[in-house]
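Quick notes on the structure that follows.
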Amino acid sequence: MSYIEDYIGWAEDALIGGTDTPVRLYNASLSSGASVERGALLCADSLGVYSPVASTDDSVKPLAIAAHDFTADSIQAVTQIYVSGTFNKDKIKMPEGVDVKAFSTPLRFQEIYLTRGE
């Protein structure tokens with residue numbers, strides 16, 4: 001992996017927790033002014049615009065995981081999100097006081113599975 005890290009600038013961060021479920025990326029609109037880190041749990045509004053999860057109430061909305069660090073500087077900002085796959089639950093970025101366990105079942109319905117890794 002040294003070649004990839006040194007020359008391409010990519011380093012493994014252990015977000016992806018396995019290959020038993022296909023990892024699928026989707027281009028999605030991010031709410032204006034939102035800033036997300038890779039691994040942040042996202043939810044969508046009724047128009048399909050994604051924003052970071054703020055509370056456990058967001059578990060009833062469609063969920064995804066941010067694939068890249070990104071800041072939406074306009075209303076039409078598009079970034080990539082993971083819509084299926086197996087991910088390391090310890091690497092999912094959540095707001096203070098919100099536990100990722102509350103999202104385990106809704107995520108499974110969307111073919112996003114959480115595992116412990118590393």
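The values are calculated or read from the model by the stated rules, or taken from the named source; none is laboratory data. On a predicted model such as this, the values are computed, not experimentally measured, just so you know. Keep in mind that these areas ignore ligands, DNA and RNA; they rest on the heavy atoms of the full protein, side chains included. Shrake-Rupley method; radii C 1.70, N 1.55, O 1.52, S 1.80 Å.
The listed residues Val53, Val60, Val78 rank as Val60, Val78, Val53 when sorted by accessible area, largest first, using a 1.4 Å probe.
Protein-only accessible surface at a 1.4 angstrom probe places the residues Leu25, Leu114, Leu47 in the order Leu47, Leu25, Leu114, largest first. Summary value for the stretch 64-113: 40 percent relative contact order, contacts being C-alpha pairs under 8 angstrom separated by 6+ residues. Which whole-number percent gives the relative contact order of the chain, counting Cα pairs below 8 Å spaced six or more residues apart? Once divided by the residue count of the chain, the mean separation gives 32 percent.
In plain terms, the C-alpha convex hull of the stretch 7-108 casts an average shadow of 7.0 nm² when viewed from every direction.
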